[in-house]
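Asks: Sharing a structure with you now.
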Amino acid sequence: MYRLTKYSLKRIIYPQIMNYIIKKRDGPSRFGEISIDNKTIFTPNLLFINTNRFKAPNFADIILTKDKNIQKKPSFIISKTFIYPKDLSEELHLSLDKKINEKFFIIPGNTNVIDNLIKNNPAMIFIVGNANQLFQQPKNFLDFIVNLREKIGYEKLIYTPFIGEPSSFALLSYIGIDFFDIYSAIITARNDTLLFSNGRYNKNNLFELPCNCPICSKYKGKPANMNFHNILYHNYYTMISEIKKVRNAIINGNLRNLVENRVKANPNLIAIFRNLDKDYYDFLERRTPITSKNNLLAISKESFSRPEIKRFQNRVIKQVRKPQSTKILLLLPCSAKKPYSFSKSHKLFKEKIADSGNPNIIHEIIVTSPIGIVPRELELVYPASSYDIPVTGIWDEDEKKMIRFLLKEYLLHNKYDKIIAHLPEELIEFTEDLLIKPVKTCIDRPTSVKSLDNLSKKLKKIVKSLEKVKLQDRLRENLQCLTSYQFGNDIGEKLLKNCIVKGKYPYQKFLQNDTQLGMLTKERGLISLTINGAKIVKEFNKYWVEIYDDFTLKGSVFAPGIKDADKEIRVGDEVIVTKQNKLIAVGVAQMNGEEMKKSLHGEAIKVRHRI
């Protein structure tokens, strides 16, 4: 065992630390600011070793050191043993930490002892004492980290010593870890191995350096001639570069895309990731925003398990009901451009629907992967509004199973007089048996002249004998479908009852007795309420946030002012603000309901209207 490893098993750290403030959230991951030794540090971040043998590089934000007098960098000062065996007993653990430090607590990676060890524990940073051992057991590691994060809440931090390298930073941050260290950079450098975002490579297996870091760009020899110092600093640069990519991804709301790309580097990472999606949907979903400005990239099998996709699917089959006036279901293929209505192919479909003579009696549903089925009324809703998937025309068994399940469940609760399937043959093959006497209109390609003419002919014939549906009725019902998706069936029905819809899609207002209740916008894809609309939502005791009696609302609502909140609130939800159970404002949630109740810092609601 290298002397570095022996040294690193001995001790750890107590700097001066101030409050942690979360600035951005993306799933369980957080981009935040913490003051260490009166300097602001971003998270996630890396701890760099600083000893006589291993000097921390100038670009290090935080250092691990024995030197209590160091002044140059925010420092974790080494003072106590922190690598404990996995099965260390609770009693022995507490005997080693008789006096719990105000800012740090070293916790063994045993899920069974979490409750007792964190009870009334004031520590800000929880250090997993046997993280390296635990990391070799994907299910146990994930179970422990998720449980620890759930129990310590949103504003405390987790540090996992001895694990983490460029390929794993994205995943580990995604599950809620905030601090890593650079031990892997040193150990791999001792083994002549360079770290990259897609894995490890021994210098002897590289023909040339696939890197342009300050070390590699200046290095003139062959990779095989690199010395320990060269490799170490290359590893340092790669690690700090990757942690910055992770922070940027969190800020921009697309960390999941980065995770799906990085986990392919290691079977252990894939195992953790798949178990995360399989066993901890609720953990992920509660922390996943309902809106996003980013494209969801469905590039792997793991994309189908994304919490935002599952949430969309669940709401479609459980909350959404077809527009009441519609009697004809028209199944359509998706388009590359999103939202679908703005694509060339769907403009052609819309033309044929408009020419049918009774367009408002026709209900369109788009059949697609990885989303499943998308009622036209929800095409502006994330993730249906913005996803990309490789188009091959080949449907694998998992895709078929997913689409069949969703279509079957939807049709159990939504009945039509007739179903028209304007779908390519490969889609018809595995969905036709779910449809009652479907009319198939696609002759070759959905957008070919023959297929479009056939669609037009069939539509005209089928709707001819049906009573016409007024445009205003259909516009109201469309928005009711959306509000049902967003707030639930009861609220959707009450909000749109007897309403008039004004404006050109995708910007529409709905009014009741000349009073505006809300508005649909393309950018958000959801309903934004006015105060009058919020009054109706309040009647159902949902999406509410109660602030303290002595809190004066002037702008945004911050976490310290929140007394209680609906636990079903997600980041991006439309929420109503009450004081003494009286409506005072409406806005958009910047935290989920649980975090609002438990946090002492940060913006919780961006207020739009207030009384």
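The values are calculated or read from the model by the stated rules, or taken from the named source; none is laboratory data. Since the structure is predicted, the reported quantities are computational estimates derived from the model, not experimental observations. Every residue, glycine as well, gets a Cβ built from its backbone with ideal geometry; the counts of neighbours run over all protein chains shown.
Asks: Being over 19 Å from Phe104 (Cα atoms) and either within 24 Å of the chain's Cα centre (by Cα) or aliphatic (A, V, I, L, M) (or both) is the filter here, so list the residues in segment 123-145 that pass it.
Replies: Within segment 123-145, Leu134, Phe135, Pro138, Lys139, Asn140, Phe141, Leu142, Asp143 meet the criteria.
Asks: Further question on the same structure: Within segment 553-563, does at least one residue satisfy the condition of being among the hydroxyl-bearing types (Ser, Thr, Tyr) and in contact with a Phe, Trp or Tyr (Cβ under 7 Å, 6 or more places away or on another chain)?
Replies: no
Asks: Let me ask something else about it. Given the condition touching a strand residue (DSSP E or B) at 6+ places or on another chain (Cβ under 6 Å), under 16 Å from Thr291 (Cβ atoms) and in contact (Cβ under 8 Å) with a residue 60 or more places away in the chain, answer yes or no: does some residue in segment 498-521 qualify?
Replies: yes
Asks: Sticking with this one: Considering segment 269-280 alone, what residues qualify as being buried (at least 16 other Cβ atoms within 10 Å of the Cβ) and in contact (Cβ under 8 Å) with a residue 40 or more places away in the chain?
Replies: Leu269, Ala271, Ile272, Phe273, Asn275, Leu276, Tyr280 - these are the residues of segment 269-280 that are buried (at least 16 other Cβ atoms within 10 Å of the Cβ) and in contact (Cβ under 8 Å) with a residue 40 or more places away in the chain.
Asks: Looking at segment 281-291, can you tell me whether even one residue there is farther than 23 Å from Gly572 by Cα and free of Cβ contacts under 8 Å to residues at least 40 places away in the same chain?
Replies: Looking for residues that are farther than 23 Å from Gly572 by Cα and free of Cβ contacts under 8 Å to residues at least 40 places away in the same chain, one finds none in segment 281-291, hence no.
Asks: Here's another thing I want to ask about it. So which pairs qualify, if the first residue must be in segment 186-197 and farther than 16 Å from Phe162 by Cα and of a type in the set (Asp, Glu), the second must be outside any helix (DSSP H, G or I) and at pLDDT 95 or above, the Cβ gap must be under 6 Å, and the two must be at least 6 apart or on different chains?
Replies: Correct list of pairs: Asp192/Asn202.
Asks: Still on this structure, I have one more. All but one of (1) closer than 30 Å to Phe141 by Cβ; (2) in a helix (DSSP H, G or I) hold for Ala224, so report the exception by its number.
Replies: Unmet for Ala224, out of (1) closer than 30 Å to Phe141 by Cβ; (2) in a helix (DSSP H, G or I): (1).
Asks: Every residue in segment 50-64 that is within 15 Å of Phe180 (Cα to Cα) and surrounded by fewer than 21 Cβ atoms within 10 Å (Cβ to Cβ), please.
Replies: Listed by number, the list holds a single entry, Asp61.
Asks: Those residues that are over 18 Å from Ser484 (Cα atoms), among the basic types (Lys, Arg) and not in a strand (DSSP E or B), I need them from segment 500-538; list them, please.
Replies: Selection gives Lys504 alone.
Asks: Is segment 480-488 home to any residue that is more than 22 Å from Ile362 (Cα to Cα) and either touching a Cys at 6+ places or on another chain (Cβ under 8 Å) or without any contact (Cβ under 8 Å) to a residue 24 or more places away in the chain (or both)?
Replies: No, because not a single residue in segment 480-488 is more than 22 Å from Ile362 (Cα to Cα) and either touching a Cys at 6+ places or on another chain (Cβ under 8 Å) or without any contact (Cβ under 8 Å) to a residue 24 or more places away in the chain (or both).
Asks: With segment 237-341 as the region, which helices (runs of 4 or more DSSP H) entirely inside it contain at least 2 residues that are of a type in the set (S, T, N, Q)?
Replies: In segment 237-341, the matching helices (runs of 4 or more DSSP H) lie at 255-262, 267-279, 307-318.
Asks: While we're on this one: What are the residues in segment 476-499 that are touching a helix residue (DSSP H, G or I) at 6+ places or on another chain (Cβ under 7 Å) and part of a loop (DSSP other than H, G, I, E, B), if any?
Replies: Cys499
Asks: Something else about it: When you scan segment 426-449, do you find a residue that is in contact (Cβ under 8 Å) with a residue 12 or more places away in the chain, among the small types (Gly, Ala, Ser) and either surrounded by fewer than 17 Cβ atoms within 10 Å (Cβ to Cβ) or within 23 Å of Ile353 (Cβ to Cβ) (or both), even just one?
Replies: Checking segment 426-449: not a single residue is in contact (Cβ under 8 Å) with a residue 12 or more places away in the chain, among the small types (Gly, Ala, Ser) and either surrounded by fewer than 17 Cβ atoms within 10 Å (Cβ to Cβ) or within 23 Å of Ile353 (Cβ to Cβ) (or both).
Asks: For segment 450-476, name all the residues that are over 18 Å from Leu331 (Cα atoms) and surrounded by fewer than 18 Cβ atoms within 10 Å (Cβ to Cβ).
Replies: Selection gives Lys464, Ser465, Leu466, Glu467, Lys468, Lys470, Leu471, Gln472, Asp473.
Asks: Another question, then. For residues in segment 158-176 being more than 19 Å from the chain's Cα centre (by Cα) and aliphatic (A, V, I, L, M), which is farthest from Ile106 (Cα to Cα)?
Replies: By that ranking, first place goes to Ile163.
Asks: Here's something else I'd like to know. Surrounded by fewer than 20 Cβ atoms within 10 Å (Cβ to Cβ), polar (S, T, N, Q), more than 34 Å from the chain's Cα centre (by Cα) and under 30 Å from Ile290 (Cα atoms): does that describe Asn489?
Replies: No.
Asks: For Ile365, are the conditions met, namely being at pLDDT 95 or above, touching a Pro at 6+ places or on another chain (Cβ under 8 Å), in the same structural domain as Pro424 (by TED's automatic domain parsing) and farther than 18 Å from Arg474 by Cβ?
Replies: The answer is no for Ile365.
Asks: If you take just the helices (runs of 4 or more DSSP H) that sit entirely in segment 390-475, which of them hold at least 2 residues that are among the hydroxyl-bearing types (Ser, Thr, Tyr), in the same structural domain as Pro370 (by TED's automatic domain parsing) and over 14 Å from Ile365 (Cβ atoms)?
Replies: Filter on segment 390-475 gives 449-463.
Asks: Between residues in segment 226-253 that are in the same structural domain as Leu47 (by TED's automatic domain parsing) and farther than 30 Å from Ile22 by Cβ and residues that are among the small types (Gly, Ala, Ser) and buried (at least 22 other Cβ atoms within 10 Å of the Cβ), which pairs lie under 8 Å by C-beta distance while being six or more apart or on different chains?
Replies: Phe228/Ala189; Ile231/Ala189; Leu232/Ala185; Leu232/Ala189
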